[in-house]
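A short reminder: the numbers here are calculations on the coordinates, not readings from a lab. Please read all numbers here as calculations on a predicted model, not as lab measurements. Cβ atoms come from the backbone with ideal geometry, glycine included; neighbour counts cover every protein chain shown.
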Amino acid sequence: MLPDGEKRLGVENVGVALGYSKGFFFQRTKRESKTLQALRSMNFSGEQIWVEVVRLGEDRRESLRAKTISLRDFIKLVTYEAISKRNKKAIILLAAFAETGIDRVLDDAFKGRSVDFILEKIVHYSKWTYEELEQVLVENREDLRALYPWGSPP
């Protein structure tokens with residue numbers, strides 16, 4: 001976490017989380033490609049910041065520098081991988097994030113806390129056009145039919 005509270009992820013671990021090599025992020029973003037154009041159409045910034053990571057261990061302190069991306073860019077990359085590449089690890093990550101997120105929202109709502117923080121997320125992601133959202137829904141339905149060709153999921 002940065003001093004201003006921003007949370008970031010190391011770019012090498014992004015590829016690993018999605019089932020690729022540590023060089024995955026660099027390969028996807030180093031040159032203008034269809035993938036990078038698609039990500040940018042989702043307002044992916046690709047901004048990378050070097051961060052000093054301090055690890056505390058038994059009687060020692062170790063620090064290293066890591067190149068990082070924002071959580072928002074990470075989510076956009078995972079979403080792209082899930083929808084466009086049908087990457088199973090990306091789909092699982094999104095499901096885990098969604099379950100964790102809805103759990104927090106419902107927890108806060110039932111405890112009488114404000115859930116206004118979710119509105120900012122909705123506004124950000126609703127910048128997609130109606131056609132883009134409709135295409136995502138069509139692809140999701142196709143994926144569901146491919147996963148459960150015999151009928152409804154359990």
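Miscellaneous remarks
- Test: residue in segment 69-84 that is over 20 Å from Q135 (Cα atoms) and more than 13 Å from the chain's Cα centre (by Cα): no
- Some residue of segment 115-127 being touching a residue at least 24 places away in the same chain (Cβ under 8 Å) and either under 30 Å from W50 (Cα atoms) or surrounded by fewer than 11 Cβ atoms within 10 Å (Cβ to Cβ) (or both): yes
- Looking across segment 20-52, the residues that are β-branched (V, I, T) and in contact (Cβ under 8 Å) with a residue 40 or more places away in the chain come down to T35, I49, V51.
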